[in-house]
Amino acid sequence: MKRQTRAAQLRALMREKPHIYFPAVYDALSASMAEKAGFEAVLVSGSSISNERLGITDIGVLSYGEYRETLTNMLHASNIPIIADVDTGFGGISTILRMVEEYERMDLAGIMLEDQTFPKRCAYFEGLTVVPEEEMYLRLKAALCARKDSDFVIMARTDAASDDTKGMDEALRRAKLYYEWGADIVYISAPPTREDFFRIGELGFPTAVCIIEGTPSEQFTAAEFAQIGITWTIFPQSLIRALIYANQQVLSALYATGSCRAYGSILCSQRERNDHAALPKYVAFEAAVTGKSDAGITHWKYF
């Protein structure tokens, strides 16, 4: 029997659940851990990949090839639907065609395509601008025309609320346009006030928002967003910021004292590390192939 695609899995989730919430991941390990934690889908954060893989902030320098390689590893390490943040489409109409065709073949569940100018930047950076709506129309039309699998989810994103020449009213107007033009769901980035989230919930079509610690969105929980009519809640920075903080603490302790015993509580055990890194799978596979339980890969002595 043919395996259900991840896009079909995501569509089924969207039919079954009026609200879905999930984290943004940045590598194979974080994608696998999100699945083990119980999440039924994840978003891949281009910003977080740029931080983790390149050591560079979210200013649009992550290349298509670097992104695709990371996605390939994530797909191998997990089984749940993965939605890719594709920024402005990595170029123009032709690059959007290539991207959608390849992402469908790779078994991604969908994409998030935005209306920023190129090179894009984090929605919370100053100086952000969005393209004229006519240009976003072409980006979105290109993605829709390139799509062959009707299950493949296309989420349009507007950053107009962060553009000093636009604002929240323009973001809401664009959200309506993008949905009318064929987007399956629309993400409105960086609403400036608590009240703006209620305005999003009243739009009457599938919408997505983020909870970002340190912004007005952290006043809400995913359940509260569900109550006001929002379809998806995404946590785009939680994992990468936790990673940076934990590394800072451990590195500071190591440098200052030559030990990190004081931070033992935030270190996982060897067993946990190996379990999350799929050691049991490879031990079992080698044993099955060789017929010897002690062949090749072995467990750590200390846990």
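Is there a residue being at pLDDT 95 or above, within 18 Å of the chain's Cα centre (by Cα) and assigned to a strand (DSSP E or B) anywhere in segment 92-110?
yes
Restricting to segment 1-33, count the residues that are in contact (Cβ under 8 Å) with a residue 60 or more places away in the chain, of a type in the set (Gly, Ala, Ser) and assigned to a helix (DSSP H, G or I). Don't jump to the end; show me each part of the working.
The initial filter retains those residues of segment 1-33 that are in contact (Cβ under 8 Å) with a residue 60 or more places away in the chain, namely 5-11, 13-14, 18-26, 29-30, 32-33.
Next cut, of a type in the set (Gly, Ala, Ser) only: 7-8, 24, 30, 32.
Retained after the next criterion (residues that are assigned to a helix (DSSP H, G or I)): 7-8, 30, 32.
Final tally of qualifying residues: 4.
Condition check: under 19 Å from residue 22 (Cβ atoms) and at pLDDT below 95. Does residue 215 satisfy that? Step through it out loud before you land on a result.
Working: under 19 Å from residue 22 (Cβ atoms): yes; at pLDDT below 95: yes.
Here the answer is yes, as residue 215 does meet what is asked.
Based on this model, can you work out whether residue 69 counts as among the charged types (D, E, K, R), at pLDDT 90 or above, more than 16 Å from residue 109 (Cα to Cα) and not in a strand (DSSP E or B)? I'd like the intermediate steps shown before the answer.
Working: among the charged types (D, E, K, R): yes; at pLDDT 90 or above: yes; more than 16 Å from residue 109 (Cα to Cα): yes; not in a strand (DSSP E or B): yes.
It is true that residue 69 is among the charged types (D, E, K, R), at pLDDT 90 or above, more than 16 Å from residue 109 (Cα to Cα) and not in a strand (DSSP E or B).
Hey, among 60, 55, 65, which residue is surrounded by fewer than 21 Cβ atoms within 10 Å (Cβ to Cβ), at positive phi, without any contact (Cβ under 8 Å) to a residue 24 or more places away in the chain and out of contact with any helix residue (DSSP H, G or I) (no Cβ under 6 Å at 6 or more places or on another chain)?
Numbers: 60 fails: without any contact (Cβ under 8 Å) to a residue 24 or more places away in the chain; 65 fails: at positive phi.
One residue alone meets the criteria, 55.
Scan segment 225-255 for residues that are free of Cβ contacts under 8 Å to residues at least 12 places away in the same chain and over 21 Å from the mean Cα position of the chain (by Cα) and jot them down.
Quick first cut of segment 225-255, residues free of Cβ contacts under 8 Å to residues at least 12 places away in the same chain only: 227, 242, 245, 247-248, 251-255.
Passing the criteria: 227, 247, 248, 251, 252, 253, 254, 255.
Output the residues belonging to segment 245-267 that are closer than 28 Å to residue 211 by Cβ, surrounded by 13 or more Cβ atoms within 10 Å (Cβ to Cβ) and hydrophobic (A, V, I, L, M, F, W, C).
Result: 246, 250, 267.
Just one of the numbered conditions (1) touching a Gly at 6+ places or on another chain (Cβ under 6 Å); (2) surrounded by fewer than 20 Cβ atoms within 10 Å (Cβ to Cβ) is not true of residue 180; which one?
(1)
The values are calculated or read from the model by the stated rules, or taken from the named source; none is laboratory data. What you are looking at is a predicted structure, and each value in this text was computed from that prediction instead of being measured. Note: ideal-geometry Cβ built from the backbone for every residue, glycine included; neighbour counts use all protein chains shown.
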